[in-house]
Ligand SMILES: C[S@@+](CC[C@H](N)C(=O)[O-])C[C@H]1O[C@@H](n2cnc3c(N)ncnc32)[C@H](O)[C@@H]1O
């Protein structure tokens with residue numbers, strides 16, 4: 001097995017120049033939520049600019065991801081200033097157009113009461129008549145794209161010991177309802193004082209499931225929008241290598257702290273700040 005490596009690049013995810021083609025076994029990511037009130041208001045000039053990011057990301061990942069392997073995108077349609085943007089459909093279109101197979105859409109269900117933005121359903125309480133139905137949103141999509149057919153060669157090259165280590169626990173699979181395409185997982189609220197404050201982080205459990213189902217021990221997981229570092233933390237705890245890109249260099253102390261929660265073997269985390277890195281959240285530079 002290759003030595004494990006952990007590399008964080010502060011810079012634009014549309015320039016994954018440090019990664020050789022075919023070197024990535026799995027991508028787990030959640031792209032910026034288009035100009036969402038809880039993410040970066042006004043990060044994108046308009047929706048076309050956002051679509052361009054998705055298109056260019058998909059084209060790059062087609063090259064960087066090994067044949068047959070998976071890109072998992074956690075995303076959701078976005079309501080911005082009263083207009084709903086079809087981000088799930090447009091992300092799917094971008095990846096299919098780039099040549100990926102559309103394999104799955106898993107629905108991530110959050111617990112009742114965890115609504116992040118407005119309580120839209122209240123509108124009907126005020127006007128209890130037809131045409132005023134705006135349900136609150138408790139779900140996101142986990143889109144699974146595959147880079148062509150999987151040839152099963154990875155397992156053929158493995159020792160019996162390694163095959164055993166990668167076996168999925170079927171009791172958990174059945175008991176935890178993991179055989180269903182709705183995953184009920186509590187979300188991370190980016191509340192004051194939390195490590196993830198101001199970051200639209202996903203929960204460890206989503207990453208754990210994706211890594212378990214779609215990668216082997218020792219392989220490399222990429223997160224092009226690393227945020228607080230969730231993907232790297234979970235990848236490390238599951239004996240996978242990980243590469244992350246993040247535009248906002250002010251997140252370095254957060255990422256360091258979060259990944260080190262899983263760093264039982266004292267792995268070195270290599271940080272590189274590229275010329276196109278930015279400071280987008282001033283508040284976090286002084287914290288943690
Ligand atoms: C939805 S958050 C990801 C959160 C992450 N999954 C976590 O658990 O913390 C999206 C991240 O993408 C970053 N970002 C936005 N545009 C980017 C770009 N062009 N290249 C790299 N990162 C970018 C944002 O700064 C933000 O931290």
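The values are calculated or read from the model by the stated rules, or taken from the named source; none is laboratory data. Everything quoted here is computed from the prediction, not taken from an experiment. Positions of Cβ are backbone-derived with ideal geometry, glycine not excepted, and every protein chain shown enters the neighbour counts.
Just checking, does the stretch 78-85 include any residue being surrounded by fewer than 15 Cβ atoms within 10 Å (Cβ to Cβ), more than 11 Å from the ligand (Cβ to nearest atom), on the phi > 0 side of the Ramachandran plot and at pLDDT below 95?
Within the stretch 78-85, one or more residues are surrounded by fewer than 15 Cβ atoms within 10 Å (Cβ to Cβ), more than 11 Å from the ligand (Cβ to nearest atom), on the phi > 0 side of the Ramachandran plot and at pLDDT below 95.
So for the stretch 121-129 (the condition being touching a residue at least 12 places away in the same chain (Cβ under 8 Å), in a helix (DSSP H, G or I) and surrounded by 14 or more Cβ atoms within 10 Å (Cβ to Cβ)), does at least one residue qualify? Break it down stepwise before answering.
So in the stretch 121-129, the residues touching a residue at least 12 places away in the same chain (Cβ under 8 Å) come out as 121.
Now drop any that are not in a helix (DSSP H, G or I), which leaves none.
The answer is no; no qualifying residue exists.
Is there a residue in the stretch 36-47 that is in a helix (DSSP H, G or I) and closer than 23 Å to residue 281 by Cα? Don't jump to the end; show me each part of the working.
Within the stretch 36-47, the subset in a helix (DSSP H, G or I) is 47.
Remaining after also requiring closer than 23 Å to residue 281 by Cα: 47.
Scanning the stretch 36-47 turns up at least one residue that is in a helix (DSSP H, G or I) and closer than 23 Å to residue 281 by Cα.
Mind counting the residues in the stretch 48-67 that are more than 15 Å from residue 220 (Cβ to Cβ) and part of a strand (DSSP E or B)? Give the steps one after another, and end with the answer.
Applying the first criterion (more than 15 Å from residue 220 (Cβ to Cβ)) to the stretch 48-67 yields 48-60, 62.
Right, trim to part of a strand (DSSP E or B) and you get none.
Looking only at that region, the number is 0.
Could you look through the stretch 1-28, keep only residues that are out of contact with any helix residue (DSSP H, G or I) (no Cβ under 7 Å at 6 or more places or on another chain) and part of a strand (DSSP E or B), and pick out the one that is farthest from the ligand (Cβ to nearest atom)?
Ranking the qualifying residues of the stretch 1-28, first place goes to 25.
Condition check ((1) more than 21 Å from residue 31 (Cα to Cα); (2) within 16 Å of the ligand (Cβ to nearest atom); (3) out of contact with any strand residue (DSSP E or B) (no Cβ under 8 Å at 6 or more places or on another chain)) across all residues:
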| residue | (1), (2), (3) |
| --- | --- |
| 141 | no, yes, no |
| 147 | no, no, no |
| 157 | yes, no, yes |
| 171 | yes, no, yes |
| 202 | no, yes, no |
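Return the pair list, or none, for Cβ contacts closer than 7 Å from residues in the stretch 187-200 that are over 17 Å from residue 33 (Cα atoms) and part of a loop (DSSP other than H, G, I, E, B) to residues that are modelled with pLDDT of 85 or more and near the ligand (Cβ under 9 Å from one of its atoms), at least 6 apart or on different chains.
Partner pairs satisfying both residue conditions: 195/228; 195/254; 195/258.
Given the conditions (1) surrounded by fewer than 24 Cβ atoms within 10 Å (Cβ to Cβ); (2) more than 7 Å from the ligand (Cβ to nearest atom); (3) closer than 18 Å to residue 187 by Cβ, report the number of the one that residue 225 does not fulfil.
Failed condition: (2).
Taking the stated definitions as given, is residue 105 surrounded by 12 or more Cβ atoms within 10 Å (Cβ to Cβ), without any contact (Cβ under 8 Å) to a residue 12 or more places away in the chain, farther than 19 Å from residue 35 by Cβ and touching a helix residue (DSSP H, G or I) at 6+ places or on another chain (Cβ under 9 Å)? Explain how you work it out, then say what you get.
Working: surrounded by 12 or more Cβ atoms within 10 Å (Cβ to Cβ): yes; without any contact (Cβ under 8 Å) to a residue 12 or more places away in the chain: no; farther than 19 Å from residue 35 by Cβ: yes; touching a helix residue (DSSP H, G or I) at 6+ places or on another chain (Cβ under 9 Å): yes.
Judged against the criteria, residue 105 is not a match.
Restricted to the stretch 44-75, and to residues that are in contact (Cβ under 8 Å) with a residue 40 or more places away in the chain, surrounded by fewer than 19 Cβ atoms within 10 Å (Cβ to Cβ) and in contact with a helix residue (DSSP H, G or I) (Cβ under 7 Å, 6 or more places away or on another chain), which residue is nearest to residue 148 (Cα to Cα)?
55
Is at least one residue of the stretch 162-176 under 30 Å from residue 36 (Cα atoms) and either under 25 Å from the mean Cα position of the chain (by Cα) or surrounded by 15 or more Cβ atoms within 10 Å (Cβ to Cβ) (or both)? Don't jump to the end; show me each part of the working.
Pass one, the stretch 162-176, residues under 30 Å from residue 36 (Cα atoms): none.
There is no residue in the stretch 162-176 that is under 30 Å from residue 36 (Cα atoms) and either under 25 Å from the mean Cα position of the chain (by Cα) or surrounded by 15 or more Cβ atoms within 10 Å (Cβ to Cβ) (or both).
Could you please tell me which pairs satisfy a Cβ distance under 8 Å, a separation of 6+ or placement on different chains, a first residue in the stretch 1-17 that is under 10 Å from residue 276 (Cβ atoms), and a second residue that is modelled with pLDDT under 95 and within 9 Å of the ligand (Cβ to nearest atom)?
From residues that are under 10 Å from residue 276 (Cβ atoms), there are no pairs.
From the set of residues in the stretch 251-271 that are surrounded by 14 or more Cβ atoms within 10 Å (Cβ to Cβ), away from the ligand (no atom under 15 Å from the Cβ) and touching a residue at least 60 places away in the same chain (Cβ under 8 Å), which is nearest to residue 194 (Cα to Cα)?
Filtering the stretch 251-271 for residues that are surrounded by 14 or more Cβ atoms within 10 Å (Cβ to Cβ), away from the ligand (no atom under 15 Å from the Cβ) and touching a residue at least 60 places away in the same chain (Cβ under 8 Å), the one nearest to residue 194 (Cα to Cα) comes out as 269.
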